[in-house]
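Quick notes on the structure that follows.
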Amino acid sequence: MNLHKNSIVRDYVLILIGSFIMGFAIKNIYDPVGLVTGGVSGIAIILKDQLAIPLWVTNTALNIPLFLVSIRIKGWSFIKRTLVATVALSLSLYVIPEVPFLMEDLFLTALFGGLISGVGAGLVFISHATTGGTDMLAALLHRWIRHYSMVQIMQVLDAIVVMVGASVFGITYALYALIAIFALTKVSDGLIEGLKFSKVAFIVSEKSEEIAQAIMKELNRGVTGLDAKGMYSGQCRNMLFCVVAKKEIVQLKDLVVGHDSQAFVIVSDAREVLGEGFIEFKQ
């Protein structure tokens, strides 16, 4: 129970940190130069330029009806973490001082804006939340547009916002915004997958017993033996199956070679591993 509570507390801390990082990027990188990267934050940048409406006001005002509809349709459990992230983002847009930088170089602005906001978004996403906006709208629309995925719907919504931004700030700024979007996506995806990626090793060796004992003792990882038959040789052997962290794969290969330099080893990526010393199951 304590572990579960600690996990929940950790998630909410990450949501707050990630939201404030995103708020900093929006307020001090994107907004000063008019980079509209989609979402409610992009709409907020457009309205601030055209009507002088503060960023936090637009972010709050546009998300309120989305949350009200989501609570009625999806329920409280669907939106509670996203509500915290959205409130934190609006708060960050209000309290973070406006200190623009990198304004002289649009490429660096787009690149580092994407990198910084990607870190923030990644922290929010790995905590099972979003910052509302087009993410939540896409989830709602998906109830009626089932033949399109949520990701496809969200991409269309963000593209519309980017095109509106292009009409306000010009096509050049919109193209630089695409660089920011690309960097944001790569960093957030890398952060999410980097925390979950592991390595899978299949080992065929005449010394499988010794290798298995060494893996369990030196790496403290479990090993599964599978009956395998070589169809060319007709020989039956015990093939070892083992999952290790990325940083342990070099040690694993050295360990195998140390016991049998003729061993046949296959290493591949595991995108997510749950339990047994890896990622805990979410209750």
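The values are calculated or read from the model by the stated rules, or taken from the named source; none is laboratory data. All figures in this text were calculated on a predicted structure; none of them were measured in a lab. Every residue, glycine among them, receives a Cβ derived from its backbone with ideal geometry; neighbour counts consider all protein chains shown. We work out accessible area using only protein heavy atoms, side chains counted, and drop any ligands, DNA or RNA first. Shrake-Rupley method; radii C 1.70, N 1.55, O 1.52, S 1.80 Å.
Taking all protein chains together and rolling a 1.4 Å probe, Met239 ends up with roughly 40 Å² accessible.
Ligands, DNA and RNA aside, Tyr148 has an accessible area near 110 Å² when probed at 1.4 Å. Applying 1/(1 + (r/R0)^6) with r as the Cβ-Cβ distance of Ala245 and Lys80 and R0 = 35 angstrom yields a FRET efficiency of 0.65.
Spatial offset of the stretch 11-40 relative to the stretch 213-265 amounts to 45 Å, using the alpha carbon center of each.
Among the protein heavy atoms, those of Asp254 account for about 100 Å² of accessible surface (1.4 Å probe, every chain in place). Ligands, DNA and RNA left out, the accessible area of the chain computed with a 1.4 Å probe is 63% carbon and sulfur.
Here is how the number arises for the chain: DSSP H runs of 4 or more residues each give -39500 (n - 2.57), the sum is divided by the residue count, and the result at 222 nm is -19500 deg cm²/dmol. Helix 39-51 and the longest principal axis of the Cα set of the chain meet at an angle near 20°. Counting only alpha carbon atoms, the long axis of helix 2-25 and the longest principal axis of the chain meet at about 50°. Spin-label model, Ile17/Gln262: points 7 Å from Cα along the beta carbon direction are separated by 5.1 nm. Between Met163 and Glu272, residue separation times 0.36 nm minus the direct Cα-Cα distance comes to 35.7 nm. Placing R0 at 45 angstrom, the Cβ-Cβ distance between Val57 and Glu218 gives a FRET efficiency of 0.15 after rounding to 0.05.
Counting only alpha carbon atoms, the long axis of helix 55-73 and the longest principal axis of the chain meet at about 60°. With the simple spin-label model, which puts each label point 7 Å out from Cα in the Cβ direction, the Leu108 to Ile64 separation comes to 4.0 nm. Would you compute the Debye intensity of the chain from its alpha-carbon atoms alone, equal scatterers and no solvent, and pass along log10 I(q)/I(0) at q = 0.10, 0.14 Å⁻¹ to two decimals? Each listed q maps to, in turn, -0.66, -0.96. Restricting to bridges with both residues inside the chain, how much of the DSSP beta-bridge set is antiparallel, in percent to the nearest 5? Percentage antiparallel, nearest 5: 95. Percent of Cα-Cα pairs more than 13 Å apart in the stretch 51-123, please. When every Cα pair of the stretch 51-123 is considered, 74 percent fall beyond 13 Å. The listed residues His142, His147 rank as His147, His142 when sorted by accessible area, largest first, using a 1.4 Å probe. Beyond a 31 Å Cα-Cα separation, which of these cross-linked pairs lie in this structure: Lys48/Lys80; Lys80/Lys247; Lys74/Lys247; Lys80/Lys199; Lys27/Lys247; Lys27/Lys199? Lys80/Lys247; Lys74/Lys247; Lys80/Lys199; Lys27/Lys247; Lys27/Lys199, as the Cα separations exceed 31 Å there.
Amide H contacts for Ala270 (H built 1.01 Å from N in the peptide plane; partners 5 or more residues away or on another chain; cut-off under 5 Å): Ser198, Lys199, Val200.
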